[in-house]
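Okay, so here's the structure we're looking at.
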Amino acid sequence: MAGKKRRVVVKWIKRVLAVAFLGAVAAMVVMAWMPKPLPVETAQVVRGELVVTVSEDGRSRVMDRYVVSAPLAGKLARIELHPGDEVPEGGVLARIVPVATPLMDVRTR
């Protein structure tokens, strides 16, 4: 009877060790699949004005082309307008300064 009891105890010890081993393997697998913590940067919160800026590059397309021409030869004076400025109807966009023709220029005689 003592031999049978001993075999039962050894059988239970083997089962407990097998369950403990499988539990340890399962725990290692779970820990291996857990995501790693990410480092974060923290700062103190202060009340202030919210400033939002967007800086991007873009590409524009010309929908309608317009040809601007003048019936005289000359030099285009500096344009004082900037992109986005409003121009009233009939307002001056640019001035063309006429150049003296070679026949009227004193230096060519």
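The values are calculated or read from the model by the stated rules, or taken from the named source; none is laboratory data. Keep in mind the model is a prediction, meaning the values are calculated, not measured. Here Cβ is always computed from backbone atoms with ideal geometry, including for glycine, and neighbour counts include all displayed protein chains.
Scanning segment 33-79 for residues that are over 34 Å from the mean Cα position of the chain (by Cα) and either surrounded by fewer than 10 Cβ atoms within 10 Å (Cβ to Cβ) or assigned to a loop (DSSP other than H, G, I, E, B) (or both) gives Tyr66, Val67, Val68, Ser69, Ala70, Pro71, Leu72, Ala73, Lys75, Ala77, Arg78, Ile79.
Residue count for segment 94-103 satisfying the condition of being at pLDDT 80 or above and loosely packed, with under 10 Cβ neighbours inside 10 Å: 1. Among the residues of segment 49-79, those that are modelled with pLDDT of 80 or more and among the hydrophobic types (A, V, I, L, M, F, W, C) comprise Leu50, Val51, Val52, Val54, Met63, Val67, Leu76, Ala77, Ile79.
Based on this model, can you work out whether Gly23 counts as part of a helix (DSSP H, G or I), surrounded by fewer than 10 Cβ atoms within 10 Å (Cβ to Cβ) and small (Gly, Ala, Ser)? Before you say what the answer is, go through the steps one by one.
On the way: part of a helix (DSSP H, G or I): yes; surrounded by fewer than 10 Cβ atoms within 10 Å (Cβ to Cβ): no; small (Gly, Ala, Ser): yes.
The answer is no for Gly23.
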